[in-house]
Amino acid sequence: MNLQHIQSVYFIGAGGIGMSALVRYFLSKGMNVAGYDRTKSPLTEQLIKEGAVVHYTDDVCLISESFKNKTNTLVVYTPAVPADHSELAYFRTEGFDILKRSQVLGMITKSSLGICIAGTHGKTTTSSIAAHLFKQSSVDCNAFLGGILKNYKSNLLLSDHSDFVVIEADEYDRSFHQLTPYMAVITSADPDHLDIYGTPEAYRESFEVFTSLIRPDGVLVMKYGINISPRLQPGGKLYTYSAENEKADFYAKNIRISNGEIRFDFVGPSVLIADIQLGVPIKVNIENSIAAIALACLNGVKPHEIKDAMKSFAGPERRFDFHLKKDNIVLIDDYAHHPEELKNSILSVKELYPGRKVTGIFQPHLYSRTRDFAAEFAASLSSLDELILLDIYPAREEPIPGVSSAIILDRVTIQNKKLCTKEQLPELIRDGSYDIVLMLGAGDIDRLVEPVKRILEDK
């Protein structure tokens, strides 16, 4: 398919964070854009303000006539949409061109210099930092991201002169196998999505396949020590990075953490950038920043541009996002939904606020992930001082017999722990005593942040 022949684009799952960037992309091209999403959200409401037409009921009758011409209409869907979705079934029966989101991104990378960031965790922040570094420099870029960047209030960045396009490469459903990277980063490969891959070995193997898709003149920047054997094409280059390990090609040294600030020196082959200040000062962002700065250096971003952009980076929404920051109460919202992410998030909070009581409110995401990693979730959550555990957010899944949040709670070793429904949470917060509150999860827990914030402010 040639995207230049398309006049109308219909999205099934328009409100997803990845899909919404494509909605904005096609709107920017002046195309007719509409679609379906299961739930109204601030993001879908914003897309409507920007020109998209979005409805929330799966009903073929709601598809307007302007999207029923299969010669000039592209249908884009997310794999999370069930197979029996009636609108998707209609387009299939009528013979429309139907592509997954990843296939559309793949077409874009084939005609550009794709900077693709993959990994079980860290990819949203790393791709966001990389996009900001490029955007704030003379190099510039386009970007399709998995989070709303606070600096730009969008997950889509566009350039009228740069061929670079930064893309968050999603491993779910092997979506990142559709991409043709010019340069790629792998931040981590801790097993996840075992409902798709079956085994940890198959999951890691998918990242090795991803490395084989990098162009022959391309580059892979991989976290030092990851259990992956790259399959680069002849001519491809491999670099490693680390937060502090000097065996890596790119690393940080002289790290200073004080007064709520983090500074470090960036070291790479033939480059030293001294006294970089992190705009979002949490320790895990040192590692993410090293990968992003490596990409920037390899593509001509100047050291002074890197320093200025790193200091001004405000981060993506829902990645260690401060909603209250007072002497007596702190409220942080974080997208962490994998055991390793939870561990890093909790440890980062404890490093920022040593000796203070940290209460975690966690909403597990997916029945299958809860089943597969219950013990690992429990181990990470046991580093909290207090745990409030919500019901599982099912997303695309049907319930699995015997799988509930209780199988995590039973394994958590701290004494101060409890199960709670979303409806019960406000009253629980109202009745309790809190110091540092960390809200965690990839479901709809973000919609509870404002109610919790209001209650904590009134205490």
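The values are calculated or read from the model by the stated rules, or taken from the named source; none is laboratory data. Here the structure is a predicted model, which means the values were calculated and not measured. Cβ sites come from the backbone with ideal geometry, for glycine too, and all protein chains shown count toward neighbours. In case anyone asks, the SASA skips ligands and DNA or RNA and just uses the protein heavy atoms, side chains included. Shrake-Rupley method; radii C 1.70, N 1.55, O 1.52, S 1.80 Å.
So, in segment 393-427, exactly how many residues are open to solvent by less than 60 Å² (accessible area, probe 1.4 Å), in a helix (DSSP H, G or I) and either among the aromatic types (Phe, Trp, Tyr) or over 20 Å from SER368 (Cα atoms) (or both)?
The total comes to 2.
Is it the case that segment 272-279 has a residue that's over 28 Å from ASP391 (Cα atoms), without any contact (Cβ under 8 Å) to a residue 40 or more places away in the chain and within 20 Å of the chain's Cα centre (by Cα)?
yes
Just checking, does segment 175-191 include any residue being part of a helix (DSSP H, G or I) and over 23 Å from PHE144 (Cα atoms)?
no
Has segment 263-285 got at least one residue that is in a helix (DSSP H, G or I) and closer than 22 Å to TYR152 by Cα?
Yes, the conditions are met somewhere in segment 263-285.
Restricted to segment 14-28, and to residues that are in contact (Cβ under 8 Å) with a residue 40 or more places away in the chain and open to solvent by 10 Å² or more (accessible area, probe 1.4 Å), which residue is farthest from the chain's Cα centre (by Cα)?
SER28
So, in segment 321-338, how many residues would count as being surrounded by fewer than 22 Cβ atoms within 10 Å (Cβ to Cβ), at pLDDT 90 or above and under 20 Å from the mean Cα position of the chain (by Cα)?
1
Somewhere in segment 183-198, is a residue open to solvent by 60 Å² or more (accessible area, probe 1.4 Å), in contact with a Pro (Cβ under 9 Å, 6 or more places away or on another chain) and not β-branched (Val, Ile, Thr)?
no
Identify, by number, the condition in (1) more than 20 Å from ALA336 (Cα to Cα); (2) open to solvent by less than 20 Å² (accessible area, probe 1.4 Å); (3) modelled with pLDDT under 95; (4) among the polar types (S, T, N, Q) that THR120 doesn't meet.
THR120 satisfies every listed condition except (1).
Need pairs with beta-carbon distance below 6 Å; first residue small (Gly, Ala, Ser) and within segment 324-353, second part of a helix (DSSP H, G or I) and open to solvent by 10 Å² or more (accessible area, probe 1.4 Å); sequence gap 6+ or separate chains.
From residues that are small (Gly, Ala, Ser), the pairs are SER348/VAL284.
Cβ contacts < 8 Å: first residue open to solvent by 30 Å² or more (accessible area, probe 1.4 Å), restricted to segment 363-375; second residue in a helix (DSSP H, G or I), any location; separation 6+ or different chain. Result?
Going by the 8 Å Cβ cut-off, the qualifying pairs are ARG371/ILE407; ASP372/LEU194; ASP372/ASP195.
Within segment 79-170, considering only helices (runs of 4 or more DSSP H) that don't extend past its boundaries, which have at least 3 residues that are within 20 Å of VAL185 (Cα to Cα)?
101-110, 123-135
Can you give me the number of residues within segment 428-439 that are loosely packed, with under 14 Cβ neighbours inside 10 Å and touching a helix residue (DSSP H, G or I) at 6+ places or on another chain (Cβ under 9 Å)?
Selection size over segment 428-439: 1.
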